[in-house]
Amino acid sequence: MAPAFASLRRARPLLGTFVEISLAEMPTPAAEAAVEAAFAAVAKVHRLMSFHEPGSDLARLNREAGERAVTVDPWTFEVLEAALDLNQRSAGAFDVTVAPVLERLGLLPRDERPPAPARRSSRESIELFSGRRVRFRDHGVRIDLGGIAKGFAVDRAVDALRSHGVPGGLVNAGGDLAAFGPEPHAIHIRDPQDPGRLLCAIAVREEALATSGARFDLVRSADAAGVAIIDPAVRVPASAVRGATVRAGTCIYADALTKALMVAPANAPALLASLRASALIVLANGDVRVTDDWPAVRRAA
Amino acid sequence: MTEWVRWSAPAAVVLTVAAPAYAVQYLSVAQAQKLAFPSATRFSEAEGGRAWKAEAGGKVLGLLVVDHVIGKHLYIDYAVALAPGGRVQRVEILAYRESYGGEIRSASWLAQFVGKTSGSALRVGSDIRNISGATLSCTHVTEGVKRIVAAYGSRVR
């Protein structure tokens, strides 16, 4: 009999991308159960926070929270709390109330109701109450958690793996990833606008990494030019930065911070420092900038 | 830390790195069958190289359908496990190949993956195992799953 130990690597289509889970060596049946639990956690986030599923917490909020307080799952509430925290910390650069703009650009399905009169930040538009109740200040507010839910899902998958006794591994949801355990993982970062080019490789250990940038499954929109990050201040696609990669303690913050960086790169270093995160950005002209605590890079292979 | 630092020698690195081929083999068809239907005692081919019926003690547990989608830079093998009645029980990616160098369309490039199992992690070109970058859409797989449900759902009895 072969020893019943294996390192596993599995992938499933979830959250609109491919979610991959890889584990260090451990007993096979336990590893399969752990991977199952981790994918279940990601699938739960997908069910709760998808813009496209009519039964999701998100869809209910967008339908009803302008009328009355809506009770949501603890996970949805946690994501909204983080979203509002980041909205405040980033002075509005990260904002989940940009859904109407994404709709207008054809990046989200259209809601026929008129959007909220711009321009109010999500801190003012969304109210959180005890008992996990959420209310929007007016009828036209619509939110999209696409800029933060994927990172949260990665964190929940890591929790699931740890609680199943997995000693180490990596969860990667289409480039938003987290590594745990003693082993460092080599991650290649590619230029979001030219995915054939790798910018660098870095070692990631007990931390999260997320990358945002121009989409390359391009949705045709001359207005958007393929970028799905919206500058909340002017409600048009961000253009100064073509790609951003953030390292942080949790993937939810890494994911959301990439969006804040795309919109307001000038203020980002202070924001990143306050959250003990570091970053690399690719500017529109192709220049690369890093925060001064970005790890020494080795040449991409 | 309040300012961005110009990254030393980015141009050199960016310009010298060639388009990588990124590929992972996750599961063989046999492994996918066992994972989807762990209690099955028998798998019989229902359609050559594409669909397998899972049975235990003469009872049909479900159907595993294998399919692939090809994009401009992507080639993905995936398996859909259907329960009796046609409900999707699980979707697993079997193999994932991504290339910006045009190799995907070449049969010989694809042939290198034949017979690989998840135990032999692939190292194509260089040691690229994990990538953080622009998100790849799984729309084609999602559409493929719907087609499979439509085509095979009523046949799982």
Just give me the residues in the range A:262-297 being open to solvent by 20 Å² or more (accessible area, probe 1.4 Å), more than 8 Å from every other protein chain (Cβ to nearest Cβ), farther than 20 Å from residue A:185 by Cβ and modelled with pLDDT of 90 or more, in sequence order. A:274, A:275
Positions within the range A:14-46 being open to solvent by 40 Å² or more (accessible area, probe 1.4 Å), farther than 14 Å from residue A:150 by Cβ and within 21 Å of the chain's Cα centre (by Cα), in sequence order: A:40
Could you list, in sequence order, all residues of the range A:229-256 that are modelled with pLDDT under 90 and open to solvent by 30 Å² or more (accessible area, probe 1.4 Å)? A:231, A:233, A:234, A:235, A:236, A:239, A:240, A:242
Of the conditions (1) in contact (Cβ under 8 Å) with a residue 24 or more places away in the chain; (2) buried (at least 23 other Cβ atoms within 10 Å of the Cβ), residue A:11 satisfies every one except a single condition; which number is it? (1)
Taking the range A:32-51 on its own, how many of its residues are within 16 Å of residue B:32 (Cβ to Cβ) and either part of a strand (DSSP E or B) or in contact (Cβ under 8 Å) with a residue 12 or more places away in the chain (or both)? 3
How do the strands (runs of 3 or more DSSP E) wholly within the range A:98-215 filter down when requiring 1 or more residues that are closer than 21 Å to residue A:281 by Cβ and at pLDDT 95 or above: which remain? A:176-180, A:207-213
Single match in B:12, B:83, B:56, B:21 (criterion: away from chain A (no Cβ under 14 Å) and at pLDDT below 95): B:83
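The values are calculated or read from the model by the stated rules, or taken from the named source; none is laboratory data. In this text the structure is predicted, and so the values were computed from the model without any measurement. In this analysis, Cβ positions are derived from the backbone assuming ideal geometry, glycine residues included, and neighbour counts consider all displayed protein chains. For accessibility, only protein heavy atoms count, side chains too; no ligands or nucleic acids. Shrake-Rupley method; radii C 1.70, N 1.55, O 1.52, S 1.80 Å.
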